[in-house]
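Rule-based calculations on the coordinates, nothing more; no lab input. What you see is a predicted model, and the numbers here were worked out from it, not measured in a lab. Here the Cβ positions follow ideal geometry from the backbone for every residue, glycine too, while neighbour counts run over all protein chains shown.
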Amino acid sequence: MAASLKSLVYVSSFVSLGYILMRVVERDPEEILKQLPEGQQVDYRNESQKRKAAFMQVLKNASEGDDPEVAIRKAKLTLSTMDSTPAPPPPTSSQSS
């Protein structure tokens, strides 16, 4: 009984300390985005949206009865077609003299 109680205390304290350390050390995603140059912020957000869209496509294909491997292949194909679309040109600053 004493050994199991001692083990329980050690495990719970180890988990608690790990959680506290994680909360203290982790950074806010918005703070990280603020530190990125402007062009990379847009790229990061676009990539994040693409990953979310690909995951939703995998779930959609899997819900239609596809094998999970087939659903992933279909999502990769969809994602590759999304990547082949040309990106809009970067905004140009027009300076009038």
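Data overview
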item: Ranked list, fewest to most other Cβ atoms within 10 Å of each Cβ, for Y44, Y10; result: Y10, Y44
item: Karplus-derived 3J(HN,Hα), 6.51/-1.76/1.60, for each residue of the range 19-28, Hz, glycine and proline x; result: 5, 4, 4, 5, 5, 6, 7, 5, 9, 6
item: Rounded to whole Å, sorted largest first: equivalent-ellipsoid semi-axes of the range 1-84, Cα gyration tensor; result: 40, 26, 7
